[in-house]
Amino acid sequence: MASFLLKSVLVVVAVFFISSMAQASDPDILSDFIVPAGSTIDGNFFTFTGTRDIFGSIIEKFSVTKVSKAEFPGLDGQSVSLAVLQFPGGGVNPPHTHPRAAELLFVVKGSLEVGFVDTANKLYTQALQVGDLFVFPKGLVHYQYNSDWNKSAIAVSGFGSTSTGTVSLPTTLFATGIDDQVLAKSFKSDIATIRKIKAALATSLLIFQIASAGDPDILTDFVMPLEVPSVDASYFTFSGLRGLVGAPPPEKFKVTKAGMTEFPALNGQSVSYAILQYPAGSVNPVHTHPRSAELLFLMSGTLEVGFIDTTNKIYTQTLQTGDVFVFPKGLVHYQYNADAENCAWGISAFGSANAGTVSIPNSVFNTSIPDNILAKSFKTDIITIQKIKAGLA
């Protein structure tokens, strides 16, 4: 009897532990999205326009434009956010951490020197150029620096949380009232040196903060491939997008993924990207992402977008360059470039290293579901179903 009780307790503990691991990122929600109390919503609720003026603006100092739950309430419960980082020549984003998410940085202009330090105090550095991706694992100290004093740089960072949090180390250590003696002992220095640093920060303080049910969390800094004994900064760098920025549009709609399959370093980091290219008049057909919401940042052109919730209500919006739109997790959605002359392209961030895509036309009409079942389901005839199938084939 005692043995049975012990086994039962162990099972409960194990289940609780697994459940806790699964909820290590933002908790999942039991509705399509979270509506503020007393609100009625339409497509505008899922649209963020605060990034429209970024493109073409003069970059005089390092700045971060946040698109998190605080600025964009439509993200609540969707486990994804992003930020646009602008670096003047010689600009730096000082060492900092994000306690609730990994950061997936995509360079869209200029070049950057980046690095992070793991919990064994090993430094991983990389020189990035336009089109490169770099992942900073969750909670580790990292930085970005534009070493070109003559050119500005811009990057877009995706996060697998709606509120990543930022601990800016210069500010946290030297501008929050920690006693000088504690800091002097911690840094094996003297009080005069500590006060000198504090005085310098007080006169020219720059505070860089991204924030005043994703993948299960991991218990290591990052996941090493089994067949690889050690890694360097190249492991955390993905250069497969270099040729896309500024490239001529493809002949038809194209998605270039940077998920765990293409970029193994994302394993365990709960974030990924996709670059979406829309020639004039093209469409990204109706589809879903079963494991993540999609946060689309339109970099160029215009798009008609929409999604349908589980009550069959459709939410639509017309996006222009610089707009951000969130498609809630698991819901059917689409994007359409209605401009007959101009192309469009965007960056989509996901709160999962493997968001998954279910293409509704292909899943329904191109997977050998019997014609009679489809005809009954769509209240039509077999000839119509076969015509649709032939068109997709």
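The values are calculated or read from the model by the stated rules, or taken from the named source; none is laboratory data. As the structure is a prediction and not an experimental result, all values here were calculated from the model. Counting neighbours? That spans all protein chains shown, and the Cβs are built from the backbone with ideal geometry, glycine included. Surface accessibility is based on the protein's heavy atoms, side chains included, excluding ligands, DNA and RNA. Shrake-Rupley method; radii C 1.70, N 1.55, O 1.52, S 1.80 Å.
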Examine the stretch 138-153 for a residue that is part of a strand (DSSP E or B), of a type in the set (Phe, Trp, Tyr) and open to solvent by less than 50 Å² (accessible area, probe 1.4 Å), and state whether such a residue exists.
no
Criterion (among the aromatic types (Phe, Trp, Tyr) and open to solvent by 70 Å² or more (accessible area, probe 1.4 Å)) met by exactly one of 378, 325
378
If we keep just the residues of the stretch 112-123 that are open to solvent by 40 Å² or more (accessible area, probe 1.4 Å) and touching a strand residue (DSSP E or B) at 6+ places or on another chain (Cβ under 8 Å), which is nearest to residue 157 (Cα to Cα)?
113
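Which ones in the stretch 154-165 are surrounded by fewer than 22 Cβ atoms within 10 Å (Cβ to Cβ) and over 15 Å from residue 72 (Cβ atoms)? Even if it seems obvious, please write down each step before you answer.
Just the residues of the stretch 154-165 that are surrounded by fewer than 22 Cβ atoms within 10 Å (Cβ to Cβ), to begin with: 154, 163, 165.
If the condition is that a residue be surrounded by fewer than 22 Cβ atoms within 10 Å (Cβ to Cβ) and over 15 Å from residue 72 (Cβ atoms), then 154, 165 are the ones that fit.
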The stretch 46-77 - residue that is at pLDDT 90 or above and of a type in the set (S, T, N, Q) and, of those, nearest to the chain's Cα centre (by Cα):
68
Report whether or not residue 274 is touching a Cys at 6+ places or on another chain (Cβ under 8 Å), on the phi < 0 side of the Ramachandran plot and assigned by the TED database to the domain that holds residue 331.
no
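Do the conditions hold for residue 36, that is, is it of a type outside the set (Gly, Ala, Ser), modelled with pLDDT under 95 and open to solvent by less than 60 Å² (accessible area, probe 1.4 Å)? Quick ask: steps written out before the conclusion?
Values: of a type outside the set (Gly, Ala, Ser): yes; modelled with pLDDT under 95: yes; open to solvent by less than 60 Å² (accessible area, probe 1.4 Å): yes.
The answer is yes for residue 36.
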